[in-house]
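Read-outs throughout are calculated quantities, based only on the coordinates presented, and are distinct from any laboratory measurement. Note that the structure is a prediction, hence the values are computed from the model and not measured. Ideal geometry is used to build each Cβ from the backbone, glycine not excepted, and the neighbour counts take in all protein chains shown.
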Amino acid sequence: MKVFVKGYYTTKFGELWEKSLSDLIEEAIRGVLKETGLKLKDISAIFVGNMLAGVLDENLLLSAKINEILENSGIPIFRFEAACASGGVAFYNALQFSKAGKGRNVLVLGVEKMTDFCTEDVTSALASALSGEEQLAGLTFPGAYALMARFYLEKYGYTEENLAYISVKNHFFGSLNPKAHFQKKITLEQVLSSPYIAEPLKILDSSPISDGASAIILSIERTKVQVASCETATDTISLLKRKNLDEMLAVKKAGEKAFESAGVEAQDIEVAEVHDCFSIAEILVMEALGFWRKGEGGEKAKAFDLENPFSQRPVVNTSGGLKSAGHPVGATGVKQIGEIFLQLSGKAEGRQVEGVKVGLAQNTAGSGGLSVVTILKR
């Protein structure tokens, strides 16, 4: 059964002190219903991606609490946790539900409220998605990605400057996105002079702690944008047990399956949203998906032309990516797919890539333990 994206809505991402988790949930759901002209009674089920509500806020059984927000609608609501890929996994399962003919319209919601808590508590909560050994050793995600970055730079003879170009590019696009956490451009010099958080990664190599919620409605009714494929794959959670520190195997496998099932190849993708929680992550993902050859990512990162930003193919992270648009972890995977939908439907406003027909969204969990790859076609 063919499934289409009927509509998308996202809250602003950022430090949303005035909004609670419930506020964000309600805004995203009401927003996407208004966008599509649907009522709650038209929704067959809701699939929710959220990582941290139970860990940080002692807020579990989120499905029943969402039902209360919706004034006891009685709609089946399912919550999924897969670290930073919670939104992507929620979308994947919603798609299977739709393909099975379980409902005409299905709502996918990704949400996270992170900034009400101190940085130390959030960092610790996020680290719960590392392996037990890594947690006992005191490793955090900046540390994990720093290990991968150091290995990559030394193996291929690159420097921290190669990483910095990723942040410059994504902040350029973020400056065009009114919903982004950071709507400002940055320079190469600013990235390189920013403080280290885990050498060789600096503050401006890293995505922020953000609040936000994003929602998509999938439908069996034909629209302009079809879900061509959505695939997922897993790898070891432990860096120690991986064959290569500079390879994201889950991304590679999910991508291969998604390309095959959509009947396209990497060179057919015109616009992509990829998981750039740290600058090194975007480079490793682009190589794993076959957009760049292994080991050439550091050089390719430098090729971005600020004078002609839409010239490359694929154009990557037009939302600003996680780095500039923000990273409310449960919402990220939904926002990525939503950005591709906006691009394919010609609704991306000042950051629109003209004439695109095929786009890809890639969502990573943790340091690469799981990945979801979704391809949309116009």
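Observations, loosely collected:
- The stretch 210-337: radius of gyration and largest Cα-Cα distance (Dmax), Å: 15.4, 46
- Cross-link pairs Lys179/Lys241; Lys65/Lys179; Lys19/Lys302 - those with Cα-Cα distance over 31 Å: Lys179/Lys241; Lys19/Lys302
- Excluding same-chain neighbours fewer than eight residues apart, the aspartates and glutamates reachable from Lys357 by a Cα-Cα span under 18 Å are Glu260, Glu265, Asp268, Glu270, Glu273, Glu339, Glu349.
- Over the chain, relative contact order from alpha-carbon pairs under 8 Å, at least 6 apart, %: 26 percent
- 10 Å binning of all Cα-Cα separations within the stretch 83-130, expressed as whole percents from 0 upward: 22, 37, 23, 15, 2
- Estimated Rh, the chain: Kirkwood, alpha-carbon pairs, angstrom: 20.2 Å
- For the chain, adding -39500 (n - 2.57) for each run of n ≥ 4 DSSP H residues and dividing by the number of residues yields -11000 deg cm²/dmol at 222 nm.
- Here Tyr196 and Glu71 are evaluated by their C-beta separation; at R0 = 30 Å the FRET efficiency comes out at 0.05.
- Computed packing ranks the peptides 108-121, 226-239 as 108-121, 226-239, most packed first, by mean other Cβ atoms within 10 Å.
- Oblate is the label for the stretch 140-288. Its Cα gyration tensor axes, ordered a ≥ b ≥ c, give a/c of at least 1.5 and b/c at or above a/b.
- Projecting the alpha carbon convex hull of the stretch 15-66 along each direction and taking the average yields 4.4 nm².
- Semi-axis lengths (Å, descending) of the ellipsoid that matches the C-alpha gyration tensor of the stretch 1-142: 29, 18, 13
- Residues considered: Glu273, Glu160, Glu265. Largest GNM mean-square fluctuation over the chain, using C-alpha springs under 10 Å, is found at Glu265.
- Between Met1 and Glu354, the simple spin-label model (points 7 angstrom out along Cα→Cβ) gives 4.0 nm.
- Built amide H within the under 5 Å cut-off of Ala45, gap 5+: Leu107
- In this label model, Glu265 and Lys34 are separated by 4.5 nm, measuring between points 7 Å along each Cα→Cβ vector.
- Average silhouette area of the stretch 280-359, convex hull of alpha-carbon atoms, in square nanometres: 5.7 nm²
- Take each peptide in 81-90, 193-202, count the other Cβ atoms within 10 Å of every residue, and average; sorted highest first, the result is 81-90, 193-202.
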